[in-house]
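Colleague: Okay, handing you the structure first.
The values are calculated or read from the model by the stated rules, or taken from the named source; none is laboratory data. Quick caveat: nothing in here was measured; it's all calculated off a predicted structure. Cβ: placed from backbone, ideal geometry, glycine included. Neighbour counts: every protein chain shown. These accessible areas exclude ligands, DNA and RNA; they are computed on the full protein's heavy atoms, side chains included. Shrake-Rupley method; radii C 1.70, N 1.55, O 1.52, S 1.80 Å.
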Amino acid sequence: MFKHIVIANDGSQGGRKALELACDLAKHHSATLHMISVEELPDFPASIDEVVETKEAENHKFREVLELARKFARTKGVKLNAEVVAGHAAASIVERVKAFQADLLVVGFMGHSALYERIIGGTTDRPVRLAPCPVLVVK
């Protein structure tokens, strides 16, 4: 049923749960599995130094996320193609889903308060609305 599965993983507990399920689905369907992690840079940086510092911190964080994800996928017998892109999380995820012509996007759920969700919305919320394929939200 699925040939190209994309997992969005930010290194959170929800991201790890999503990775686990995405690996199982990829193995079951003999699908390719692509993981996307998004470095979110400051919207209005005070200086170029702030951008550089943020980028270095994000690179360090996602290096570990990619390493752990690849190890986990290997234990499940799945080949994982992983990349880190810079940009706005929802837009970057949807852009990569389109580029890969994915049949399924798997994302982790990160719970916020009801007030936060009403005012700000969730990162999971936007890809669900914008992705051109089915989206599986893992809790």
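Colleague: Over the stretch 63-108, give the accessible area per residue in Å² for a 1.4 Å probe, as an integer. Present the calculation step by step, with values, prior to reporting the outcome.
Modeller: On the way: 2460 Å² over 46 residues.
On a per-residue basis, 54 Å².
Colleague: For a 20 Å ceiling on Cα separation, which of these pairs sit above it: K17/K71; K27/K71; K3/K61; K17/K98; K71/K98?
Modeller: Long pairs (Cα-Cα over 20 Å): K3/K61; K17/K98; K71/K98.
Colleague: Ranking request for peptides 67-80, 1-14: highest mean number of other beta-carbon atoms within 10 Å first, then the rest in descending order.
Modeller: Values: 67-80: 15.1, 1-14: 20.1.
Per-residue Cβ counts within 10 Å, averaged per peptide and sorted highest first, yield 1-14, 67-80.
Colleague: Rounded to the nearest 0.05, what FRET efficiency is calculated for H88 and K17 with R0 set to 30 Å and r the Cβ-Cβ distance? If you can, show how the numbers build up before the last one.
Modeller: On the way: r = 23 Å, r/R0 = 0.77.
Result of the calculation: an efficiency of 0.85.
Colleague: Which net charge results for the neighbourhood of E67, defined as the other residues with beta-carbon distances under 12 angstrom from its beta-carbon, given Lys and Arg at +1 and Asp and Glu at -1?
Modeller: Details: positive: K61, R63, R70, K71, R74; negative: E64.
Computed value for this residue: +4.
Colleague: If I model a spin label at M1 and D24 as a point 7 Å from the Cα along the Cα→Cβ vector, what separation in nanometres do I get?
Modeller: 1.4 nm
Colleague: Which order do peptides 83-95, 16-28 fall in by mean Cβ count within 10 Å, highest first? Let's see the in-between values first.
Modeller: Numbers: 83-95: 17.3, 16-28: 19.8.
Top to bottom by mean Cβ count within 10 Å: 16-28, 83-95.
Colleague: Report, by chain and number, residues whose modeled amide H sits under 5 Å from the one on L136, excluding near sequence neighbours (fewer than 5 apart, same chain).
Modeller: The answer is L105, V106, V107.
Colleague: Then there is this: Quick one: what are the phi-derived ³J(HN,Hα) couplings along the stretch 17-29, Karplus 6.51/-1.76/1.60 with θ = phi - 60°, whole Hz, x for glycine and proline?
Modeller: Calculated HN-Hα couplings, in order: 5, 5, 4, 4, 5, 4, 4, 4, 5, 4, 5, 4, 9 Hz.
Colleague: Give, as a single signed number, the net charge of other residues whose beta carbon lies under 11 Å from the beta carbon of L130, with Lys and Arg counted +1 and Asp and Glu -1. Walk me through the numbers on the way to the answer.
Modeller: Working: positive: K98, R126, R129; negative: E95, D125.
Net charge in that neighbourhood comes out at +1.
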